[in-house]
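Asks: This is the structure, below, for whatever I ask next.
The values are calculated or read from the model by the stated rules, or taken from the named source; none is laboratory data. Being a predicted model, the structure only gives us computed values, none of them experimental. Here the Cβ is made from the backbone with ideal geometry for all residues, glycine too, and neighbour counts use every protein chain on show. Protein only, heavy atoms only, side chains kept; ligands, DNA and RNA dropped before computing areas. Shrake-Rupley method; radii C 1.70, N 1.55, O 1.52, S 1.80 Å.
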Amino acid sequence: TVSAVSAVNSSTYTVTVSSISGDGDLRLDLNSSGTGITDIAGNAISGGHTGDQTYTIDNTAPTVVSLTRQDSNPTNGTDLDYTIVFSEGVSGVDLTDFTGFGSGVSFSSISVTSLNSFTYNLTVNNASGNGTFRVDLKSSGTGITDLAGNAISGGFTGETFDVDQIPPTATISAP
């Protein structure tokens, strides 16, 4: 909605657009007739105007498409690899955005590597133990935003690894 038109001088005006919603492209054009715009002598403007700047509007927050394990499951690995994919390009992704949860499994750290603005690899370093483990995206305070500055909304639960690092044993007994 055009909410205000104000004169800068007799030939320059500022147009304010407000109540913008949705996503897409926005460009202001001047109608070719019926505007009521005249010069000082009373001559009506003719021809209108189109083709100036187009603004891309993005009001949609990014989301997580998937947070999947990249290693076989179950695993006896000490580094557990995940890939997180976002619905659009994002920035601000770092290790503090994720929480590791283990039942019988501990780890030293999580590292994050960007493949592109949509996709990041996560590595859970030095996993040890026997049990289950997963990595989740925190539900708030991550600082992850899309290129328009929309903050990610909500967290995401990653896939679970079954970790088995205890080798099998055999017992032989006399009959």
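Asks: Would you mind checking which residues have amide H under 5 Å from Phe161's amide H? H placed 1.01 Å from N; only 5 or more apart, or other chain.
Replies: Phe133, Arg134
Asks: Once the mean 1/r over all distinct Cα pairs of region 1-101 is inverted, what Kirkwood radius in angstroms do you read off?
Replies: Roughly 19.4 Å, rounded to one decimal.
Asks: Here's a follow-up. Please give the net charge around Gly129, taking every other residue with its beta carbon less than 13 angstrom from that of Gly129, where Lys and Arg add +1 and Asp and Glu add -1.
Replies: For residues surrounding Gly129, the net value is -2.
Asks: Right, here's the next one. Could you check how many percent of all C-alpha pairs in the chain are farther apart than 26 Å?
Replies: 55
Asks: Do you know the relative contact order of region 27-175, to the nearest whole percent, from alpha carbon pairs under 8 angstrom that are 6+ apart?
Replies: Details: 323 pairs, mean separation 36.0, N = 149.
It comes to 24 percent, rounded to a whole number.
Asks: Now a separate question. Keeping all protein chains in place, calculate the accessible area per residue for region 1-136 (probe 1.4 angstrom), answer in Å².
Replies: On a per-residue basis, region 1-136 sits at 60 Å².
Asks: Still on this structure, please answer the following. Give me the net charge of Asn59's neighbourhood, meaning all other residues with Cβ under 11 Å from the Cβ of Asn59; Lys, Arg count +1, Asp, Glu -1.
Replies: Around Asn59, the surrounding residues sum to -3.
Asks: Still on this structure: Only Cα pairs within less than 10 Å get springs; with that Gaussian network setup on the chain, which residue of Ala41, Ala127, Ala148 has the largest fluctuation?
Replies: Answer for the Gaussian network model of the chain: Ala41.
Asks: Over all alpha-carbon pairs in region 63-134, figure out the percentage whose distance exceeds 16 Å.
Replies: So the pairs more than 16 Å apart make up 47 percent of the total in region 63-134.
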